[in-house]
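These notes are about the structure you will find just below.
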């Protein structure tokens, strides 16, 4: 049997992952099958098993690309000199576009993970990667004086992840995009803006009483 050229193998895997993402979005993770993905590609199910041993294996490969996409959106939105609220709006819109194919898929997968140990392990590892990306970003933010020295960064990272996941759930249950965006921005203002204002507008800080002489 001829050897598979590495470049071709990666291209084939990429096509399978793209098809799987579309099938999961249309049918939901639970209902989607490897047969469905094979039909979308016009190949046999056996051809997919050459690259992925199961639906969970395929989903895990999809998950591995998500933290990097998140990191790119995070750093491209929050530039060094950017206005924090404008940046937060840009981040919200880019993240929403990333999940636009089916905003309910994340919620469904979380629900499925509650009874699927393999899926739960995948999501746990995936969360750890998101946490590391955001913790690193917030640590840099402390150097830029937009994160306070008294803030415990890792719990804050988890709080922000939970906030985003919660807003995705509310979008599925009927919250409008404008309402979700407003909730996101108000939360970030409450968390970060006092710190940002204090560090960039020293004249607004409370003045110290003048020392008495004589």
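P(r) tail for the stretch 41-80, what percent of Cα pairs lie past 14 Å?
61
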### Stokes-Einstein diffusion coefficient of the stretch 54-199, Kirkwood radius over Cα pairs, 20 °C, 1.002 mPa s, in µm²/s
132
### Query
According to the Kirkwood expression over distinct Cα-Cα pairs, how big is the hydrodynamic radius of the stretch 125-174, in Å?
11.7
### Message
Restricted to Cα positions, what overall size does the stretch 1-52 have along the principal axes? Three whole-Å values, descending.
### Response
36, 17, 16
### Task
State, as an integer percentage, the relative contact order of the stretch 1-52 based on alpha-carbon contacts under 8 Å between residues 6 or more apart.
31
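Read-outs: derived from the displayed coordinates by stated rules, not from any lab. Keep in mind that this is a model prediction, so the values were computed, not measured.
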